[in-house]
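Read the figures in this text as sums done on the coordinates, not as results from a lab. A quick note: this is a predicted structure, and the numbers were derived from the prediction, not measured. Here the Cβ positions follow ideal geometry from the backbone for every residue, glycine too, while neighbour counts run over all protein chains shown.
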């Protein structure tokens, strides 16, 4: 019975041997254990070392104070493409019929281009 469990099986896509897999997991575990043991010994829990680094900004209790709004983050891009955004806002009606019409129109153009090329 035990011999059959340790037998190498041909799966059609490769071979399966429990001893080889067990040995591989043991080697991987030892490598991970050695690498973890080489960590920085001066690390101390519950000190300044465990705080999140926020590019030098203090960490506030109220997380909303740290939130960067997208309007601030993308201000330059929005200002430079304001004419495109305003045009798209005018075209955006929220009705599914309009989107299906645009989709059909774009597919027709795409098919024409494929047919010509």
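Details
- Exposure proxy ranking for 80, 55, based on other Cβ atoms within 10 angstrom of each Cβ and starting from the fewest, stands as 55, 80.
- Cα gyration tensor, the stretch 33-117 - rounded (a/c under 1.5), prolate or oblate: prolate
- Cβ crowding within 10 Å ranks 79, 64 as 64, 79, fewest other Cβ atoms first.
- Counting every other Cβ atom within 10 Å of each residue's Cβ, 99, 43 order from fewest to most as 43, 99.
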